[in-house]
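Here, each number is a calculation from the coordinates, and none is a lab measurement. Bear in mind that the values here come from a model prediction, so they are computed numbers and not experimental data. Neighbour counts are summed over all protein chains in view; Cβ atoms, including those assigned to glycine, are modelled from backbone coordinates with ideal geometry.
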Amino acid sequence: MATPTKPNNRLGAYVVKTFKDESFRAYVPPPLPPDPPLALQPLLPLLEQANQALGRLDGLASILPDPSLFIYLYVRKEAVLSSQIEGTQSSFSDLMLFESAEAPSVPLEDVQEVSNYVAAMNHGIRRLREDFPLSLRLIREIHKILLSKGRGSQKRPGEFRETQNRIGGTRPGNAAFVPPPPEKMMECVITPSPERRRLLAARMRRHPLRYAANARSGRVAV
């Protein structure tokens, strides 16, 4: 049974769990929206800079003869960079060779992961354009595509985990970080209000899906 430590309304709390007679602490985040609310005033200058940058990008896109070509290249560049965070060796050129049925210069499994990322992002973009909400169902769809082929394809892609996961270490007891235990999982991600739905992408960094595509699912959502 989970034993909670003293809660912190701002930072969340740890629950003490046991795995093979070894105790470990699993982090449970606080509910959304934050209490007390976020102080957004100091961030307004940065928000204005971001809006200006988006405006410049929108202006440049409007003079392109084919904006879809820009999106095509951007999605693939993002897929390569995001996958490299997790150790894949595929480059942009390798992905282009793979998509044109040529032989890449790195292991095929690495390029397959990047190709899955492209397919998942395109699926997410299409669904959102169809006014489908950013929801747990959409995240599961994205996760399923990410793990459709290659590493992790046998790990029940698109399903919520039923066991304890971890970051680093060889077991929860020596891990660098332990996410919420399975019995706390759904209360951490269910989004009954529009405000919580807007914050879902940030919460995705603690997402409950199985295997290593958790972070990739979150980055696709962002």
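Quick rundown of the values:
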{"item": "Percent breakdown of C-alpha pair distances by 5 Å bin, ordered from the shortest bin, for region 56-127", "result": "3, 17, 24, 21, 16, 11, 6, 2"}
{"item": "Förster radius 41 Å - calculated FRET efficiency between residue 20 and residue 129, Cβ distance, rounded to 0.05", "result": "0.30"}
{"item": "Net charge dipole size for region 47-179 [Lys, Arg +1 and Asp, Glu -1 on Cβ; Debye, nearest 20]", "result": "580"}
{"item": "Calculated from backbone phi, Karplus (6.51, -1.76, 1.60) coupling profile of region 164-178 in Hz, x at Gly/Pro", "result": "6, 10, 7, 10, x, x, 10, 6, x, x, 10, 6, 6, 8, 10"}
{"item": "Separation of the residue 68 and residue 137 label points, Cα + 7 Å toward Cβ, nm", "result": "2.7"}
{"item": "Rel. contact order, % - alpha carbon contacts under 8 angstrom, at least six apart, region 70-165", "result": "23"}
{"item": "Peptides 157-164, 19-26, 130-137 ordered by average Cβ neighbours within 10 Å, highest first", "result": "157-164, 19-26, 130-137"}
{"item": "Distance from region 36-51 to region 85-145 (C-alpha centre basis), Å", "result": "32"}
